[in-house]
Each structure stands twice: as C-alpha cells, then as structure tokens.
Amino acid sequence: MRNILLQLDTDSLPSSFDAITALDAGAEVLLPYGGVTPERAVGLVHGAIFTRGPEQLHRTAIFIGGSDVAAAEAVAQAVTKAFFGPMRVSVVLDPNGSNTTAAAAVLAVVRHVPAPGPVLVLGGTGPVGSRAARLLAREGYSVQVGSRSLQRAQRVVEAVLLKYPKARLQPLETAGADALRSALGQVRAVLAAGAAGVQLLSQEMWQSSPVELLIDLNAVPPAGIQGVQATDKAAQREGKVCYGAVGIGGTKMKIHRRAIARAFEQNDLVLDAEEIYELGRQLDS
C-alpha cells in the first residue's frame, strides 16, 4: 500500500508548489485535480474511501488548496460531509498557503512578544491576515485587525468572535496615516499580510514607534513593511526584531510538510488553521 494524496484545487491548474511539497512530505502517489467544486469533490471522495478497507484508509489523504479561500472552504465542507462511519480519510486545508503561513507568522510573534500583546495585523482581512488574527486571538493576544475598509475589518472581527467569544479584537481602518500612527503607538508587534507588492507601512513611521517586532509576509518588491528585507529572520533593524517572507518561509515549509505527513498517520483528521498551528508549535518546541 502506497501513500496516495488527492490534491483538490479550486483553480483550473493544480498548484505545482503544493504538489512538490506533498511529494517531499511523504506522498508516494499524487492525484491532482483542478477546477474542483463542492459538487465535483463528492465523487472524488467516494473514489478515495471505497477503494481501501477502513484499516488501510490512513494511507490515503486529501489536500485542499487553491487561490480562492472561500471556494476551498466550501470544497472542504463537501469533502467532510461525504465521509461516514469509518469510511473517511484525513484532510489538510491550506488554500493559498494561508494556514501554514499564518501559523508560522504567529509562532514568530509568540517567540518574541508574550501575550496579551497587543498586535496589529495589517492586511488583516486577507486569507493569511484573517487567519493570523484568529490564531493570535486564540493565543490570548489583543489584536487590531487593520484594513483599508473598516467594514471588512469588522467582518473578520465578528467571525473570530463567533469562534472565540472571549477574544479581544478591534477593527482598524488603516487608509489614513493618522490612524495608523496612533495604532503603532499602542502595539508591540506588527504583522503585515497584505497583497503582493503593496507597501503598508513606511520605515519612517515604524522606526519612531515603540513597536518591538515587525513581520512582513510580502516577498514581492516593494516590501509590505519598508526597510524589512525578505530574508530577515530575527534580524535587528533600528532596534526592532524583523522577519521577512523568506525568514518566515522556512518555518512555513516545515509546517506544511509536517501536516501532509501527519495526514498519513491516521484517517480521521481535519487539519485547518488551529490544527496546523498546533503542529507548528510542536515543531517549534
């Protein structure tokens, strides 16, 4: 029996990044499918669970990816609903690398700034930012969810509070320099998870602030946080500890590979943001 991974991608072409990582992580056979919808996923799931007995199903797993996080989450729902009794396989959900990247970034925050923080997440309504905010809130941090749209930031806050009612989060509109400058005066860490090639924070603004930790997850120039280099890994700049996308990326890749390997250890796991973060914490200990 070989370890078989179904790669279900909502994009028309399955991600080569996810495919290579899966093979490096222990998948011996990769079955990639693109353009997967919730309806199409059900037949693929049935094909996966009916070809092996329950005692062998841990040798089959499903990875769900794609650039559209909401679409991938809908596929994940359809996948888990198709299981019944012992007829199930483990599932890893990491669309757009959002869960593994957020987990790695939050681990860096935990390493340098003890809870309750506070922490500002810029680009906090995107796939990585919203998950980072959720994980930080779960860890007991006070989180400001920054976005150019206050309404979008509020929606992220409300979604996190549904899951963690006692979490401490506040939406923040970051379109104006005054609001951003004021926020920087109140936080110990900034995590930037905005769109590629968009500068969210100038060096002039952060270097004059009391912020201790800067994490920029944008690898495409210009940097999301000006002055932070993509290769920074706990680098000291202007008295701040700095991480860039490549510096975080090493941890992200370890978590990604561990999640795939873990999925082949038993057949009843669903690895979403929290479960993937816990795997990362085990690796980081």
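Nothing in this text is a laboratory measurement; each read-out follows from the coordinates by a stated rule. These figures come from a predicted structure and were not determined experimentally. Positions of Cβ are generated from backbone atoms using ideal geometry, with glycine treated the same way; all protein chains shown enter the neighbour counts.
A few points about this structure:
- Springs between Cα atoms under 10 Å define the GNM used for the chain, and in it the highest mean-square fluctuation of PRO116, PRO222, PRO165 occurs at PRO165.
- Sequence-distant contacts, meaning Cα pairs under 8 Å at least 6 residues apart, place the relative contact order of the chain at 19 percent.
- The listed peptides 127-134, 87-94, ordered by packing as a protection proxy, come out as 127-134, 87-94 (highest mean of other Cβ atoms within 10 Å first).
- One chain, two ends: GLN77 and SER149. Fully extended at 0.36 nm per residue, the span grows by 23.1 nm beyond their Cα-Cα distance.
- Option label - P(r) over Cα pairs in 10 Å bins from 0, in percent computed here, alternatives (1) 6, 30, 36, 21, 6, 1; (2) 6, 28, 34, 18, 6, 4, 2, 1, 0; (3) 7, 29, 33, 20, 9, 2, 0: (3)
- Panel order for TYR243, TYR164, TYR141, by other beta carbons found within 10 Å of each beta carbon, from fewest to most: TYR164, TYR141, TYR243.
- Mean-square fluctuations from a GNM of the chain, with a 10 angstrom spring cutoff on Cα atoms, peak among ILE260, ILE20, ILE49 at ILE20.
- Taking 7 Å steps out from each Cα toward its Cβ at VAL270 and TYR33 produces label points 1.8 nm apart.
- Classification of segment 98-248 by its C-alpha gyration tensor yields a rounded form. The axis ratio a/c (a ≥ b ≥ c) stays under 1.5.
- Computed FRET value (nearest 0.05) for ASP284 with GLU204, which takes r as the C-beta separation and R₀ as 22 Å: 0.10
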